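K.L.:
Input: one structure, supplied below.
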Amino acid sequence: MSEPRQPKKRKFSSLSGLELQLAYNAVFKLKETFSYVESVNPEGALVPNDDFDQRVLEILAIFEARMKVPQSLSFSNVDNDNLSKLNITFAGSISLKSDLDERIATTSSLKEDDLWSSNNLYRQLNVLESLVARSTEAGARAWIDAFFFRATAMLSSDKRMVLTMEYAVPSVNIGPSNRNISGLIDYAAIVANKKDARIFRQDSRLLTIKRNMGDSTGLFVVQAKLHDPANHIPQAVAEFFACAKHLDKQVVRGALTNGREWIFLLVKLNDDRNGASFMQSDIIHLNTQQEGLSGPQVMIRPFPDLIAGILSHWMQNSLVELASDDWFEVEA
């Protein structure tokens with residue numbers, strides 16, 4: 001009896017362009033998944049070793065050579081040197097305006113009877129302070145989620161938010177360096193009218209957003225980093241830059257945070273779309289104090305209201321430059 005035939009192995013060279021692209025995307029997604037697992041569980045036994053990482057990179061390089069495309073740079077690998085090569089420069093700092101007390105009083109009173117009122121935000125944060133460990137990014141996201149929920153409650157009645165987590169940004173060419181960049185974003189908050197929000201809940205890809213974008217549409221990007229968020233500014237800037245390129249928008253705003261420390265960033269593409277500049281805020285800290293002599297640690301006001309107010313405003317104005325009604329102004 002003859003042995004069953006083994007399926008024929010196909011060589012890279014026999015794959016069609018579409019098959020190559022699909023295979024490349026699958027391997028790249030695998031690489032990004034392992035990078036995320038390692039970031040949230042650095043001691044995890046299932047995280048692949050360096051030899052495995054190197055082999056995956058070699059496979060990607062083979063695909064790229066076959067497809068004759070520039071090597072792709074992952075968001076997680078972007079540093080200050082990469083930003084310089086991408087022609088992305090620091091344009092200065094933005095600072096909070098002097099009328100904060102008035103702004104906070106106005107925004108904290110919004111939706112006072114809502115589930116996600118200002119008072120309930122404080123209650124939620126106080127629960128998290130006493131309940132959730134700060135040792136992982138998953139824990140930090142519980143804090144970030146609470147601020148998104150409050151910021152959403154503050155939106156005008158004709159707008160809705162669609163929140164997407166682990167948001168995939170397809171490869172995009174980045175200009176003078178002739179390289180591609182792609183990767184995963186922790187949060188993408190899409191703000192739109194009711195009709196478009198229904199579309200984005202079903203399909204939140206950047207291409208779909210671009211096709212259905214109205215005057216009120218916004219895309220606010222948040223990158224969560226547990227330790228020293230300021231050290232990850234290059235990665236966040238690269239993410240915002242890629243989103244702006246995909247949407248063909250000159251400006252994208254976002255934030256870098258571990259839930260307790262927030263840095264707000266604005267990226268503006270150059271007029272020729274080859275390169276960009278970015279501005280950043282100082283870190284806004286959430287602090288706690290002990291309640292009474294032996295009580296729990298509770299949030300110090302008004303900083304949660306400040307962050308929620310900025311989030312709500314920036315989500316709705318995430319694709320335009322700073323205006324006179326903004327919480328921030330460009331430092332002289």
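K.L.:
Provide the net charge surrounding R123, with neighbours chosen by a C-beta distance below 14 Å and charges set as Lys +1, Arg +1, Asp -1, Glu -1.
P.N.:
Its environment carries a net charge of -3.
K.L.:
Which entries in the list K111/K194; K195/K249; K31/K85; K31/K195; K31/K225 go over 26 Å, if you measure between the two C-alpha atoms of each?
P.N.:
Check vs 26 Å cut-off fails for K31/K195.
K.L.:
How many nm separate the modelled label positions at R301 and L57, each set 7 Å beyond the Cα in the direction of the Cβ?
P.N.:
Label at R301, label at L57, 5.2 nm between them.
K.L.:
Mind giving me the nanometre distance, one decimal, between the label points for D99 and K194, set 7 Å out from Cα along Cα→Cβ?
P.N.:
Computed distance between label sites D99 and K194 equals 3.2 nm.
K.L.:
Quick one: check the C-alpha center-to-center distance for region 277-308 versus region 159-233, whole angstrom.
P.N.:
Between the Cα centre of region 277-308 and that of region 159-233, the gap is 27 Å.
K.L.:
Once you list every other residue whose beta carbon is under 13 Å from the beta carbon of M279, what net charge do they have if Lys and Arg are +1 and Asp and Glu are -1?
P.N.:
Here the count lands on -3.
K.L.:
Rounded, prolate or oblate: which fits region 75-330 when a ≥ b ≥ c are the square roots of the eigenvalues of the alpha-carbon gyration tensor, with rounded for a/c under 1.5 and prolate only if a/b beats b/c?
P.N.:
prolate
K.L.:
Also, I was wondering about something else. In region 291-332, what GluC sites (Glu not before Pro) fall in a loop by DSSP, with at most 16 other Cβ atoms inside 10 Å?
P.N.:
Qualifying residues, ordered by number: E291, E321, E331.
K.L.:
Sort M299, M165 so that the residue with the fewest other Cβ atoms within 10 Å of its own Cβ comes first and the one with the most comes last.
P.N.:
Lowest to highest Cβ neighbour count: M165, M299.
K.L.:
When Lys and Arg each count +1 and Asp and Glu each count -1, what net charge do the other residues less than 11 Å away from L269, Cβ to Cβ, add up to?
P.N.:
So the surrounding residues net to +1.
Here, each number is a calculation from the coordinates, and none is a lab measurement. If you're wondering where the values come from, they're calculated on a predicted model, not measured in any experiment. Note that each Cβ is placed from the backbone with ideal geometry, even for glycine, and that neighbours are counted across all protein chains shown.
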